[in-house]
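Inspection log for the structure reproduced underneath, given as structure tokens.
The values are calculated or read from the model by the stated rules, or taken from the named source; none is laboratory data. What you are looking at is a predicted structure, and each value in this text was computed from that prediction instead of being measured. Reconstructed Cβ throughout: ideal geometry from the backbone, glycine too, with neighbour counts over all protein chains shown. Note: areas computed on protein heavy atoms with side chains; ligands, DNA, RNA excluded. Shrake-Rupley method; radii C 1.70, N 1.55, O 1.52, S 1.80 Å.
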Amino acid sequence: MKLKALVVAFAAAASFNAAWAQAPIVIKFSHVVATDTPKGQAAERFKELAEKMTKGRVKVEVYPNSQLYKDKEEMEALQLGAVQMLAPSLAKFGPLGVKEFEVFDLPYIFPTKASLYSVTEGPIGKGLLQKLEPKGITGLAYWDNGFKDMSANKPLHAPADFRGLKMRIQSSKVLDAQMRALGANPQVLAFSEVYQALQTGVVDGTENPPSNMYTQKMHEVQKHLTISNHGYLGYAVIVNKKFWDGLPADVRAALEKAMAEATTYEKAIAQRDNDMALAAIKKAGKTTVYELNAKEQADWRKAMLPVHKQMESRIGADLIKAIYKETAK
């Protein structure tokens, strides 16, 4: 009887182990924006491609809109392994200790999308991602949002119009310096808290690409939007390095292919979504949209460009010069 019980126990254990071996690898992908933003849509596309290309061996669970973690919490959650994948804005790596990423926050450093891609898709971009490895993070791709515009409850036509305004920023020394160069008072706030802060007057204004502004309904609590294209907002898709290195080689290869396809898709929709969001903001009629003329744009550049020199010691003068050289081609 004891032998029979032992055989049954062994059979049950073997069955359990077989079922466990077939259980899909779960990737929790957390991000802080809405599903209908470029990043949100690309995360869903990656999920679809990853599950298809691994033939169900991987299951991707996407958690948008800060459902799991807010801006400040998600990086630690990734490093601890509580989530496996994030797509934080590039400004998030400065507080992590990789200050070179703050080069992306410098105002007016990328004259066009093409010049931006020559940086992110070339040796400079790859080199920056490699700097994340000692932090237990593997960088997989750069995703786009777009160029940022300024909004407030007063018209913003000249640098002098910012004087004394409380402007929300991400946690970035560069963005802090940028707002101070305009005479504004920068206020660091988590993305999920911005709408309420604008609504209640905790801050007077902010900077965002139109898709973020529209999907978070910021246009409902901001009377003025200036199309300034003064800065860039992009993301890096990252994974927990230990988790990534521990994946079977064929699964990792399939996920890399899925990420490459999702990245191509993301870049294609980013500009389209921003154009559509701007049109929707104008149609809503709650926000006056103003486009800077050539002289005004030059005045904004003149006010903000000293931030480049000011940040050389933090970001690295050589890196800034390398980007100047790359974007001038």
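Mind checking which residues of segment 109-126 are outside any helix (DSSP H, G or I) and surrounded by fewer than 18 Cβ atoms within 10 Å (Cβ to Cβ)? It would help to see each step written out before you state the result.
Narrowing segment 109-126 to residues outside any helix (DSSP H, G or I): 109-112, 121-122.
Passing the criteria: 111, 112, 121, 122.
When you go through 246, 201 one by one, which is the residue that is out of contact with any strand residue (DSSP E or B) (no Cβ under 7 Å at 6 or more places or on another chain) and on the phi > 0 side of the Ramachandran plot? Write out each step before concluding.
Numbers: 246 fails: on the phi > 0 side of the Ramachandran plot.
Residue meeting the stated conditions: 201.
When residues of segment 127-136 are filtered for being open to solvent by less than 10 Å² (accessible area, probe 1.4 Å) and in a loop (DSSP other than H, G, I, E, B), how many remain? Explain how you work it out, then say what you get.
As a first pass, look at segment 127-136 and keep what is open to solvent by less than 10 Å² (accessible area, probe 1.4 Å): 128, 132.
Subsequent filtering for residues that are in a loop (DSSP other than H, G, I, E, B) retains 132.
The total comes to 1.
Quickly run through segment 183-196 and pick out the residues that are farther than 18 Å from residue 34 by Cα and open to solvent by less than 10 Å² (accessible area, probe 1.4 Å). Break it down into steps so the answer makes sense when it comes.
Of segment 183-196, the ones farther than 18 Å from residue 34 by Cα are 183-188.
184 - this is the single residue of segment 183-196 that is farther than 18 Å from residue 34 by Cα and open to solvent by less than 10 Å² (accessible area, probe 1.4 Å).
I'd like to verify a number: residues in segment 190-211 that are part of a loop (DSSP other than H, G, I, E, B) and at pLDDT 95 or above, how many? Quick ask: steps written out before the conclusion?
First, pick out the residues of segment 190-211 that are part of a loop (DSSP other than H, G, I, E, B): 190, 201-204, 209.
Adding the requirement that they be at pLDDT 95 or above leaves 201-204.
Going through segment 190-211 one residue at a time, the tally reaches 4.
Restricting attention to segment 39-97, and to residues there that are part of a loop (DSSP other than H, G, I, E, B) and among the charged types (D, E, K, R), which single residue is modelled with the lowest pLDDT?
70
Search segment 303-323 for residues being free of Cβ contacts under 8 Å to residues at least 60 places away in the same chain and not polar (S, T, N, Q), and hand back the single one that is most open to solvent (accessible area, probe 1.4 Å). Steps first, answer last, please.
Applying the first criterion (free of Cβ contacts under 8 Å to residues at least 60 places away in the same chain) to segment 303-323 yields 309, 312-313, 317-318, 321.
So of that shortlist, the ones also not polar (S, T, N, Q) come out as 309, 312, 317-318, 321.
On the way: 309: 143, 312: 47, 317: 30, 318: 123, 321: 119 Å².
Residue satisfying both the conditions and the ranking: 309.
Only one residue in 327, 263 is under 30 Å from residue 27 (Cβ atoms) and within 24 Å of the chain's Cα centre (by Cα), so which one is that? Let's see the steps before the verdict.
Numbers: 327 fails: under 30 Å from residue 27 (Cβ atoms).
None of the others qualify; the one that does is 263.
For segment 22-34, what are the residues that are over 9 Å from residue 63 (Cα atoms) and in contact (Cβ under 8 Å) with a residue 12 or more places away in the chain? Lay out the reasoning, then the answer.
The first filter runs over segment 22-34 and keeps only residues over 9 Å from residue 63 (Cα atoms), leaving 22-27, 33-34.
Result: 24, 25, 26, 27, 33, 34.
Within segment 207-257, track down each residue that is under 23 Å from the mean Cα position of the chain (by Cα), within 26 Å of residue 85 (Cα to Cα) and among the small types (Gly, Ala, Ser).
Listed by number, the residues that qualify are 211, 231, 234, 236.
Filter segment 26-38 for residues that are among the β-branched types (Val, Ile, Thr) and assigned to a strand (DSSP E or B); which is surrounded by the fewest Cβ atoms within 10 Å (Cβ to Cβ)? I'd like the intermediate steps shown before the answer.
Start the filter on segment 26-38 by keeping residues that are among the β-branched types (Val, Ile, Thr), which leaves 26-27, 32-33, 35, 37.
Filter once more, so that each one left must be assigned to a strand (DSSP E or B): 26-27.
Values: 26: 10, 27: 23.
Among residues in segment 26-38 that are among the β-branched types (Val, Ile, Thr) and assigned to a strand (DSSP E or B), the one surrounded by the fewest Cβ atoms within 10 Å (Cβ to Cβ) is 26.
Among 164, 139, which is the only one that is under 18 Å from residue 264 (Cα atoms), open to solvent by 10 Å² or more (accessible area, probe 1.4 Å) and at pLDDT 95 or above?
Working: 164 fails: under 18 Å from residue 264 (Cα atoms).
From the options 164, 139, the qualifying one is 139.
Can you name every residue in segment 94-111 that is touching a residue at least 60 places away in the same chain (Cβ under 8 Å) and β-branched (Val, Ile, Thr)?
Result: 103, 109.
Restricting attention to segment 153-181, which residues are part of a loop (DSSP other than H, G, I, E, B), over 24 Å from the mean Cα position of the chain (by Cα) and in contact (Cβ under 8 Å) with a residue 60 or more places away in the chain?
Keep residues of segment 153-181 that are part of a loop (DSSP other than H, G, I, E, B), which gives 153-158, 163-165, 170-172.
This time we only want the ones that are over 24 Å from the mean Cα position of the chain (by Cα), so: 153-158, 163-165.
The answer is 153, 154, 155, 156, 157, 158.
Taking into account only those residues within segment 249-293 that are in a loop (DSSP other than H, G, I, E, B) and open to solvent by 50 Å² or more (accessible area, probe 1.4 Å), which is nearest to residue 217 (Cα to Cα)? Lay out the reasoning, then the answer.
Within segment 249-293, the subset in a loop (DSSP other than H, G, I, E, B) is 285-287, 292-293.
Still in the list and also open to solvent by 50 Å² or more (accessible area, probe 1.4 Å): 285-286, 293.
Details: 285: 13, 286: 11, 293: 27 Å.
Ranking the qualifying residues of segment 249-293, first place goes to 286.
Note down all Cβ pairs under 7 Å where the first residue falls in segment 56-72 and is closer than 16 Å to residue 39 by Cα and touching a residue at least 24 places away in the same chain (Cβ under 8 Å), the second is in a loop (DSSP other than H, G, I, E, B) and open to solvent by 50 Å² or more (accessible area, probe 1.4 Å), and they're at least six residues apart or on different chains.
Listed by first residue and then by second, the contacts come to 64/35.
Looking for whichever is in a helix (DSSP H, G or I), hydroxyl-bearing (Ser, Thr, Tyr) and either in contact with a helix residue (DSSP H, G or I) (Cβ under 7 Å, 6 or more places away or on another chain) or surrounded by fewer than 20 Cβ atoms within 10 Å (Cβ to Cβ) (or both) here; the options are 214, 232. Which one fits? Explain how you work it out, then say what you get.
Numbers: 232 fails: in a helix (DSSP H, G or I).
Going through 214, 232 in turn, the sole match is 214.
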